[in-house]
Amino acid sequence: MTDDDRIRRPHLRTQSDDRPASRARSGSAAGRKSRDRGATRPREVTTPLGDGESTGWRSRLSARWQDARTGRAARAQLRATVHRRRAREREDLRAAARLDRSGGSAREQPWGAQASGATAATRASIGALFQNLHLGRFLIIGLAVVVAVTIGLVFSPWLSVQHIEVRGTQRTSAAELSSALDDQVGRPIIGLSGAQIERELQQFSAVESYSIRAELPGTLIVTVTERAPIGVFKKGDSYLLVDAAGVVVQTADQPEDGYPTLQIASTDPQSPAFASVASVLRSLDGDLLGQVASAQATTQDDVQLTLRSGTTVVWGDGSETALKARVLRALVGDRPDAQHIDVSSPSLPVVS
């Protein structure tokens, strides 16, 4: 070992150069430790380094220094990269905020803004929300205008009932029906009450059903269907024209021409005799029904008709009414002079 090495590495000493000092220090240290611990620590022997070992130490020191320098440079580069990335993110956020305030269309965001995550997405969603609110406000205003115009049209005279026209009447006076519905004049067509119109028409017994239709501007058309009478039932001094349900269509002091007289106990629709007679008379067409002078029955199985020519027709029960009606028409046409026709068994009729 050279003197230069000893100067540069003062902690390394040779045994020959430092023996007195080492011995003195060892003695004093051993004395102190022996007094403190009651034992003497063995003295360490330092072996001098050769020239080869000195060179290896320098190489290792230089390598460690180079590694430290490389690590510091890498950390500095990493900090610079992070700083530049954060700067780009801040700039992208500011650009997104300017786009939101100006209402412009969003362009494709750079990689930094996409990496910014929830903050940029939140700002963009807030801007879209404000745009949707503006659009929703215009939609609400437009809807309010449409509603106002619709209400104005509904309650305007152009869409209100100004005239009432009644159709389909034969026995009932159309003028009387129209007069009964005068309360509907002036009301909006859309707001017409069907229940009220029905109450007004119920006072006319001849009306079975009705339908209403609006014809702009301001005309209400009421089409009625009248009841179909089947015969005249004498009650006291009055003659009641009734339909198949037993409803009185008309009351008069004289029997109605063209309809048979019902010789039954009552016109109660629950009565078997009346129900059977009504079924028979409904099966006859207008021409044949006009030839029937009377219909009588005491039960549901003994219906009998008398034609205006004087012919007696035994009908029987209310079964096979359509077939019996066809057979009776054929027999009346073929045997106008017949006095007795029995169609109770329509497949084997009897004529005499």
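The values are calculated or read from the model by the stated rules, or taken from the named source; none is laboratory data. Treat the numbers as computed from the prediction; the structure is a model and nothing was measured. Glycine gets a Cβ as well: all are built from the backbone with ideal geometry, and neighbour counts include every protein chain shown.
Of (1) closer than 19 Å to Thr321 by Cα; (2) polar (S, T, N, Q); (3) touching an Asp or Glu at 6+ places or on another chain (Cβ under 6 Å), Ser294 satisfies all except one. Which? Result: Ser294 fails condition (3) only. Within the stretch 203-217, being out of contact with any helix residue (DSSP H, G or I) (no Cβ under 9 Å at 6 or more places or on another chain) and closer than 13 Å to Ser178 by Cα holds for no residue. Sub-6 Å Cβ pairs linking a first residue in the stretch 78-92 that is touching a residue at least 24 places away in the same chain (Cβ under 8 Å) to a second residue that is part of a helix (DSSP H, G or I), at least 6 apart or interchain, are Arg88/Gly112; Glu89/Gly112; Asp92/Gly112; Asp92/Ala113, ordered by first then second residue. Inspection of the stretch 196-216 finds a residue satisfying the criterion of being modelled with pLDDT under 85, of a type outside the set (S, T, N, Q) and part of a loop (DSSP other than H, G, I, E, B).
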